[in-house]
Amino acid sequence: MNLPGLELVCPAGTPAALEAAVDAGADTVYLGFRDCTNARNFPGLNFSRKELEAAVAYAHPRGSKVYLAINSFPQAGNEGPWRQAVDDAAGLGVDAIIVSDIGVLDYAAQSHPDLRRHLSVQASAAHPLALAYYHRNFGITRAVLPRVLTVPQIKEIAAEAPVETEVFVYGGMCPMAEGRCALSSYATGRSPNTAGVCSPASHVRYVPEGGRVQVRLGDFTINRFESGEPSGYPTLCKGRFKARGHASYLFEDPVSLDARPLIPELAAAGVKALKIEGRQRGRAYIAQVVSALREAVEEAAAGRAPEPTSLAALSEGGRSTGGAYRKDWR
Amino acid sequence: MLDFRSPPPLSGALVAGLPLRLLPTPTLAWFLQRSVDAFCRLHPGVPERLADYAGRHLLLDPSDLPVAFILTLTNGPPRIAAVGQDRQSHEAPDASVRGALADLTALLEGEVDGDALFFSRHLQITGDMELVLALRNALDDARVDLRQIIGETFGHAAPLARAALDAALGGYTRLDRDVSLLGRAVTAATHERLERQSSEIGKLRAEIRELRTQRRRPGPQRRQEDVS
Amino acid sequence: MTTLLTLGPLLYHWPAEAWRDFYFRIADEAPVTSVCLGEVVCPKRAPFTFPHYEDVIQRLETAGKEVVLSTPALITDQRDLALVKDAVELGAGLVEANDVAALPLLAGRPHVIGPYVNVYNESTLARLSADGAVRVTLPVELPAASIGKLAGQDAPETGMPEIGMPGIGMPETGMPEIEIQVFGRWPLAISARCYHARAYGRSKDGCLYACGEDPDGLPVETLDDEPFLVVNGVQTQSASYGCLLNELDLLKACGVSRFRLSPQKIGMIEVARLFQDRLDGRIGREEASVALRQLAGHTALSNGFFHGREGAQFV
């Protein structure tokens, strides 16, 4: 088994989080600029050019790599910021860029052929032929696979794909095909593709109702909690809705993905890198989760089944799931 | 006009925090503003990351203290004012964050994950989420050290203030235990009765669920849960 | 500029005969130029309608309609991909790609890009055009400003001429035609998970075609009983019918030449006539709006995406 080759790719939303990730054993830290060019364009988050430079200077001597996510979709007539981000990534010495848009990939392949290009999960490439398209046309060397695939499907893709594969093992779940979801903009006018945000905080309101809390997204009620009931992100697809007269978490429960027990299986499937979601989380979370995942990877490399320490307290709804990797998810 | 605070529960922090209410408002306000100014000198990046939110008001509401704080963001250092249950505030806050003092200070210092506190309902947030998130993200990067800020604020009196903070965070734990012991002693009988009732209610709920399931069977709604 | 109506693919799981009869009536009565058919949502549905393809295509062609063969919006396995191969082999008309995985099978020959492929900017459009796309239906969430930039551009100004891929230039025919959905529920999301089966308490593999129970989608309401979304198998759509009837003139001014009507379980022939009459100026704005509201019944209308607002809004 090719276990020692597994690369742990960890998120950072701030310089402090990056240092926490590197110190906790991240092989790679991924991050974004503080603007609309990445899909976590959240208030107060992300890196200036200067901060990215310092990040690379902190990570490289410690043996960690830095990937820059440029993974939102440029709006027509305004492709400049995305091209600038690609140019700056090359200039500042990041190890790879993570891109989803065909136009940005085309630009990067032509302008900076030596800068490694990874396909973002936002490109929603879920079949070897899609990966072949991006590889042949834009020379991508790795693809981050959607969170909707099963382990057998991942295995099939990893075996046939002309590129390395990276899969999510921990953090938020996205039940829809990523990068192809307009639910957020239907309710708020802003989406991951148009603004780098999903169910943006600016449109979320928690309205106390006696002992309960109503969660509003734009003009719509997306949930209602009893006080004390565990909750998740106020994301549209993790809201509670009524269908056929019954209220339920129709799309996805408020749970987080924790695929640590599946690491040996994913490695055997030929996966090259394991990704942790959560650039929006604090450095305390990053330190704790990266250490736990590092441990799980080492355990797997030693041929032992990872015995997950509890990270439940950090999860949405205080619970975790194997997500789509689990057979009954569908 | 403003009634956004609920009374704090009986706790060590509350008992020890009561003297705060005895401080004349101008004195308290002066110390608070001094702390915030010192904070901004130490962490200039924080007001910088919050520049877009000038003019917004945030209520910081330690659930176990008899006072809360209104933070008003400006183009420079934010302004801060204390409000109590009986103290009126001029303007309704754009957002509020309520949680135990120990959780709020741990959050300020980045020792805990805000999302995790929120998911477990240790933090209650109302109003403008973007404002709260921006503040959280800015603070998380700053690597705040409360003791250092106290040093800046209180100068020669810093050791005293630090001791007070330690008492508030550590000492309170002991005090908390005592108070809650006391509380339990007082309420034990009631508690027992409540537990009995709650277990009976639980049983009745289970029976109702069972009846509903039977009624639906072979109905398709196995996975769903009622919200009522 | 001539403006043309397209009937988008029927996205719901209707009984095969109802599916066939719907397309027959469209062929005979609807003033549409192009008609899309093909299973976009779930490959498990395809075997039911496939036996009727030959009859339907013949009927449409006899009526002078252009046939476009639509393919799955999310390609994850061989069953999905097989539908693309079938469409290519059928050779009955242009094939519409709705997932990038279909592109390698279509490269170098004229094809259509559907609304599920992310075309947000000029560079992407130029790139797809270079590979043979002759018509592109833009994603539903694009605002007027983006539509204008993508539809109004001239070939010489597009893309990055100085860095074009060697050996592949702009097609001599110029940039692809731009098509915009102007009627029907907005397709908002697609998943590998079937929410329709989930709502009926079934697994995806044992779904027993739950989606067949809801020929216009399964209504999803908020906890306050407000209509919000509908579920159609693995697809999630808006509860409202998207409607850009009042924006047709603006769209034409933007350079949009094709308008897509996405079939709902209402009088689609009448909807098509209404849009054609409006395009030809045979009917006024007010009168058309009133008529469409009547056809839509109790379902709300929305046009917020076009106006850069919440998609659910009706401005």
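The values are calculated or read from the model by the stated rules, or taken from the named source; none is laboratory data. These numbers come from a predicted model, not from an experiment. Note that we place each Cβ from the backbone using ideal geometry, even for glycine, and neighbour counts take in every protein chain shown. Side chains are part of the model used for accessible areas, which takes the heavy atoms of the whole protein and leaves out ligands, DNA and RNA. Shrake-Rupley method; radii C 1.70, N 1.55, O 1.52, S 1.80 Å.
Exactly one condition in (1) touching a helix residue (DSSP H, G or I) at 6+ places or on another chain (Cβ under 6 Å); (2) open to solvent by 50 Å² or more (accessible area, probe 1.4 Å) is false for C:Val67; which is it?
Going through (1) touching a helix residue (DSSP H, G or I) at 6+ places or on another chain (Cβ under 6 Å); (2) open to solvent by 50 Å² or more (accessible area, probe 1.4 Å) one by one, C:Val67 breaks only (2).
Given the criterion away from every other protein chain (no Cβ under 14 Å), open to solvent by 20 Å² or more (accessible area, probe 1.4 Å) and in contact (Cβ under 8 Å) with a residue 40 or more places away in the chain, identify the matching residue among A:Leu92, A:Leu6.
A:Leu92
Pick from C:Leu94, C:Leu74, C:Leu103: which is open to solvent by 30 Å² or more (accessible area, probe 1.4 Å) and in contact (Cβ under 8 Å) with a residue 12 or more places away in the chain?
None of the others qualify; the one that does is C:Leu94.
Is one or more of the residues making up the stretch A:23-40 part of a loop (DSSP other than H, G, I, E, B), open to solvent by 10 Å² or more (accessible area, probe 1.4 Å) and either free of Cβ contacts under 8 Å to residues at least 24 places away in the same chain or among the hydroxyl-bearing types (Ser, Thr, Tyr) (or both)?
yes
Search the stretch C:9-29 for residues that are open to solvent by 40 Å² or more (accessible area, probe 1.4 Å) and pair each with any residue that is modelled with pLDDT of 95 or more when their beta-carbon atoms are under 7 Å apart and the residues are at least 6 apart or on different chains.
That search, which allows pairs on different chains as well, returns C:Arg20/C:His52; C:Arg20/C:Asp55; C:Arg20/C:Val56; C:Arg25/C:Ile269; C:Asp28/C:Ala63; C:Glu29/C:Ile269.
Quick check on B:Leu59: is it outside any loop (DSSP other than H, G, I, E, B) and under 14 Å from the mean Cα position of the chain (by Cα)? Don't jump to the end; show me each part of the working.
On the way: outside any loop (DSSP other than H, G, I, E, B): yes; under 14 Å from the mean Cα position of the chain (by Cα): yes.
Criteria met by B:Leu59.
One line per residue, one yes/no per condition, for (1) surrounded by 18 or more Cβ atoms within 10 Å (Cβ to Cβ); (2) closer than 25 Å to A:Ala195 by Cβ:
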position	(1), (2)
C:Lys252	no, no
C:Gly267	no, no
C:Leu292	yes, no
C:Asn303	yes, yes
C:Phe314	no, yes
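Between C:Thr2, C:Thr76, which is within 30 Å of A:Arg147 (Cβ to Cβ), part of a loop (DSSP other than H, G, I, E, B) and modelled with pLDDT under 95?
Details: C:Thr2 fails: within 30 Å of A:Arg147 (Cβ to Cβ).
The unique qualifying residue is C:Thr76.
Among the residues of the stretch B:72-87, is there at least one that is within 12 Å of another protein chain (Cβ to nearest Cβ) and outside any helix (DSSP H, G or I)? Walk me through how you get there before you give the answer.
Kept after step one, since they are within 12 Å of another protein chain (Cβ to nearest Cβ), are these residues of the stretch B:72-87: B:73.
Now restrict to residues that are outside any helix (DSSP H, G or I): B:73.
Looking through the stretch B:72-87, at least one residue is within 12 Å of another protein chain (Cβ to nearest Cβ) and outside any helix (DSSP H, G or I).
If you check C:Val140 against the conditions, is it among the hydrophobic types (A, V, I, L, M, F, W, C), out of contact with any His (no Cβ under 9 Å at 6 or more places or on another chain), open to solvent by less than 30 Å² (accessible area, probe 1.4 Å) and more than 11 Å from every other protein chain (Cβ to nearest Cβ)? Break it down into steps so the answer makes sense when it comes.
Details: among the hydrophobic types (A, V, I, L, M, F, W, C): yes; out of contact with any His (no Cβ under 9 Å at 6 or more places or on another chain): yes; open to solvent by less than 30 Å² (accessible area, probe 1.4 Å): yes; more than 11 Å from every other protein chain (Cβ to nearest Cβ): no.
No; evaluated as a whole, the condition is false for this residue.
For the stretch A:98-117, give me each residue that is more than 14 Å from chain C (Cβ to nearest Cβ) and surrounded by fewer than 24 Cβ atoms within 10 Å (Cβ to Cβ). If you could, list the steps in order and put the result at the bottom.
As a first pass, look at the stretch A:98-117 and keep what is more than 14 Å from chain C (Cβ to nearest Cβ): A:98, A:114-117.
Passing the criteria: A:Asp114, A:Leu115, A:Arg116.
For the condition out of contact with any strand residue (DSSP E or B) (no Cβ under 7 Å at 6 or more places or on another chain), of a type in the set (A, V, I, L, M, F, W, C) and within 12 Å of chain C (Cβ to nearest Cβ), what is the one hit in A:Leu149, A:Leu183, A:Leu145, A:Leu131? Don't jump to the end; show me each part of the working.
Details: A:Leu183 fails: out of contact with any strand residue (DSSP E or B) (no Cβ under 7 Å at 6 or more places or on another chain); A:Leu145 fails: out of contact with any strand residue (DSSP E or B) (no Cβ under 7 Å at 6 or more places or on another chain); A:Leu131 fails: out of contact with any strand residue (DSSP E or B) (no Cβ under 7 Å at 6 or more places or on another chain).
Only one candidate qualifies: A:Leu149.
How many of the residues in the stretch A:218-250 are under 18 Å from A:Pro200 (Cβ atoms) and of a type outside the set (Ser, Thr, Tyr)?
Final tally of qualifying residues: 11.
Criterion first (farther than 23 Å from C:Arg135 by Cβ and either modelled with pLDDT of 95 or more or touching a strand residue (DSSP E or B) at 6+ places or on another chain (Cβ under 7 Å) (or both)) does C:Glu287 satisfy it? Working first, answer last.
On the way: farther than 23 Å from C:Arg135 by Cβ: yes; either modelled with pLDDT of 95 or more or touching a strand residue (DSSP E or B) at 6+ places or on another chain (Cβ under 7 Å) (or both): yes.
Answer is yes for this residue.
For the stretch A:41-51: of the residues being over 14 Å from B:Ala142 (Cα atoms) and within 18 Å of the chain's Cα centre (by Cα), which is least open to solvent (accessible area, probe 1.4 Å)?
Looking at the filtered set, the residue picked out is A:Pro43.
Can you report the number of residues in the stretch A:89-107 which are closer than 13 Å to A:Ala69 by Cβ and not charged (D, E, K, R)? Walk me through it before giving the result.
Initial filter on the stretch A:89-107 (closer than 13 Å to A:Ala69 by Cβ): A:89, A:94-101, A:104.
So of that shortlist, the ones also not charged (D, E, K, R) come out as A:89, A:94, A:96-100, A:104.
The total comes to 8.
Please go through the stretch B:107-134 and give me each residue that is open to solvent by less than 40 Å² (accessible area, probe 1.4 Å), more than 7 Å from chain A (Cβ to nearest Cβ) and aliphatic (A, V, I, L, M), ordered by number.
Across the stretch B:107-134, the qualifying residues are B:Leu107, B:Leu117, B:Leu123, B:Leu131, B:Val132.
Would you point out the residue of the stretch C:36-65, among those that are in a loop (DSSP other than H, G, I, E, B), without any contact (Cβ under 8 Å) to a residue 40 or more places away in the chain and of a type outside the set (D, E, K, R), that is nearest to C:Glu213 (Cα to Cα)? Talk me through it step by step, then tell me what you get.
In the first step, residues of the stretch C:36-65 are kept if they are in a loop (DSSP other than H, G, I, E, B); the result is C:38-42, C:63-65.
Adding the requirement that they be without any contact (Cβ under 8 Å) to a residue 40 or more places away in the chain leaves C:63-65.
Add one more test, that the residue is of a type outside the set (D, E, K, R), and what stays is C:63-64.
Numbers: C:Ala63: 31, C:Gly64: 33 Å.
For the stretch C:36-65, the residue satisfying everything is C:Ala63.
Identify the residue in the stretch A:140-153 that is modelled with pLDDT of 90 or more and open to solvent by less than 10 Å² (accessible area, probe 1.4 Å) and, among all such residues, is farthest from C:Val234 (Cα to Cα). Please lay out each step first, then the result.
Filtering the stretch A:140-153 for residues modelled with pLDDT of 90 or more gives A:140-146.
Then drop every residue that is not open to solvent by less than 10 Å² (accessible area, probe 1.4 Å), which leaves A:140, A:142-146.
On the way: A:Ile140: 29, A:Arg142: 27, A:Ala143: 24, A:Val144: 22, A:Leu145: 19, A:Pro146: 15 Å.
Here the answer is A:Ile140.
Quick check on the stretch A:61-71. Is at least one of its residues hydroxyl-bearing (Ser, Thr, Tyr) and more than 30 Å from C:Ser146 (Cα to Cα)? Break it down stepwise before answering.
Keep residues of the stretch A:61-71 that are hydroxyl-bearing (Ser, Thr, Tyr), which gives A:64, A:67.
Those left that are additionally more than 30 Å from C:Ser146 (Cα to Cα): A:64.
Yes.
Just to be sure, is B:Ser63 modelled with pLDDT under 70 and not acidic (Asp, Glu)?
Working: modelled with pLDDT under 70: no; not acidic (Asp, Glu): yes.
Against the criterion (modelled with pLDDT under 70 and not acidic (Asp, Glu)), B:Ser63 does not qualify.
Return the residues of the stretch A:42-66 that are part of a helix (DSSP H, G or I) and either touching a residue at least 60 places away in the same chain (Cβ under 8 Å) or not hydrophobic (A, V, I, L, M, F, W, C) (or both); say none if nothing qualifies.
Pass one, the stretch A:42-66, residues part of a helix (DSSP H, G or I): A:49-62.
Within the stretch A:42-66, A:Arg49, A:Lys50, A:Glu51, A:Glu53, A:Tyr58, A:His60, A:Pro61, A:Arg62 qualify.
Please go through the stretch A:196-218 and give me each residue that is assigned to a strand (DSSP E or B) and at the interface with another protein chain (Cβ under 9 Å from one of its Cβ atoms), ordered by number.
First pass over the stretch A:196-218, keeping only residues assigned to a strand (DSSP E or B): A:204-209, A:212-217.
Residues satisfying the conditions are A:Val204, A:Arg205, A:Tyr206, A:Val207, A:Pro208, A:Val213, A:Gln214.
Within the stretch A:239-255, is there a residue that is modelled with pLDDT under 85 and not hydrophobic (A, V, I, L, M, F, W, C)? Step through it out loud before you land on a result.
Narrowing the stretch A:239-255 to residues modelled with pLDDT under 85: A:254-255.
With not hydrophobic (A, V, I, L, M, F, W, C) added as a condition, the list becomes A:254.
Within the stretch A:239-255, one or more residues are modelled with pLDDT under 85 and not hydrophobic (A, V, I, L, M, F, W, C).
Name the pairs whose Cβ atoms lie under 6 Å apart, with the first residue in the stretch A:241-266 and small (Gly, Ala, Ser), the second open to solvent by 40 Å² or more (accessible area, probe 1.4 Å), and 6 or more positions between them or separate chains?
Partner pairs satisfying both residue conditions: A:Ala247/B:Val227; A:Ser248/B:Glu225; A:Ser256/A:Ser320.
Got a number for residues in the stretch A:184-196 being of a type in the set (A, V, I, L, M) and surrounded by fewer than 24 Cβ atoms within 10 Å (Cβ to Cβ)? Break it down stepwise before answering.
Taking the stretch A:184-196 and keeping what is of a type in the set (A, V, I, L, M), we get A:187, A:195.
Next, only the ones that are surrounded by fewer than 24 Cβ atoms within 10 Å (Cβ to Cβ) stay: A:195.
Residues flagged as of a type in the set (A, V, I, L, M) and surrounded by fewer than 24 Cβ atoms within 10 Å (Cβ to Cβ) within the stretch A:184-196 amount to 1.
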